[in-house]
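One structure is given here, and the rest of the page talks about it.
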């Protein structure tokens, strides 16, 4: 029996990215170690990286070093590597030396063209194309050009890497919006003629069709991804197309959790013990804002990253600022600000302090010293 070609589909590494200023370099390095181990253990033939290798166009030096080291180790497994640029990458910088690297089996596709990476197995040829990120509306035209090129070559089994938002995909808060009123979305039917389409950009791992999948990001990059199951896809391609697609879970560095409640409960209730080692986002619901809540929460949740305040029973703000303050003196406005921030009225002492502050500011003006 002929062995199916084995493809490992990954994307959206975002090397160099942090999570609310939390350093993720160790987590990213652990994922890349895992990726190399999977490629070696599963005897993967080709690794597909579907864009957003880096988090920004000019990545930090240590992120570049991390990427280079990962590509070297993946190459040492014997697998071929095909990589495209995403909307966070600089196509020009990422594509530097691509012609030279082609000779080593590391194929960078960062410009729109129809030049495939031609692979061969017992079932015959496979053409792997790259469709890197392009401006909204252009990606679909690139895919059509790729189909035409594959038709001209007579290659029946064709694989494409594409970075963009395909209709039906579910987004999170951490992708950069590349749509304009939906124009940036590509119809899923555009990929109907491919044996497999390895998609990047959306951070949730998802299946739009058996041949059309997002691998998602290997790490959560916002709290909207707290419930994601991160990983990559191990795909087997036989003579007819996708024979099998298996989710390969990524290692979890630190769980993300979203907590909500009163400060005393969060600090004392046993039910929150399971979250103590997580990255946490906390929303406090105390009727009035507690003093020093972040320092207090950090004693139990040392990896707290986000703190919000939504007091129970608080009425939503109404009207514009100018309408709310019209006809009111400065001291009344300042006292209301104190109440808004703390959800409790300013004390008599605080009102006196505010009055003294305003008097101190006005005194030079009354003496003619204002410039």
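Results, tabulated for the structure shown:
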quantity: Antiparallel %, DSSP beta bridges [both residues in the chain], to 5; calculated: 35 percent
quantity: Overall form of segment 1-139 per C-alpha gyration tensor (a/c, 1.5; a/b vs b/c); calculated: oblate
quantity: 37 °C / 0.692 mPa s Stokes-Einstein diffusion coefficient of segment 217-294, Kirkwood radius on C-alpha pairs, µm²/s; calculated: 210 µm²/s
quantity: Peptide ranges 257-265, 96-104, 156-164 listed from the most packed, as the mean C-beta count within 10 angstrom indicates; calculated: 156-164, 257-265, 96-104
quantity: Over 17 Å [Cα-Cα, segment 254-314], rounded percent; calculated: 29 percent
quantity: Expected 222 nm ellipticity per residue - DSSP helices of 4 or more, -39500 (n - 2.57), all of the chain, to 500; calculated: -9000 deg cm²/dmol
quantity: Angle in degrees between helix 25-41 and the longest Cα principal axis of the chain, rounded to the nearest 10; calculated: 20 degrees
quantity: Nearest-ten-degree value, helix 348-366 long axis tilted from longest Cα axis of the chain; calculated: 90 degrees
quantity: Angle between the chain longest axis and helix 330-342 axis [Cα atoms, degrees, rounded to 10]; calculated: 50 degrees
quantity: Zero-based 20 Å bins, Cα pair distances in the chain, whole percents; calculated: 25, 42, 23, 9, 1
quantity: Value in Å of the Kirkwood radius, where segment 110-263 supplies the Cα pairs that are averaged; calculated: 16.7 Å
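Since every read-out is calculated from the coordinates, none of them should be taken as a lab result. Note that the structure is predicted; figures quoted are calculated from it, not measured. Cβ sites come from the backbone with ideal geometry, for glycine too, and all protein chains shown count toward neighbours.
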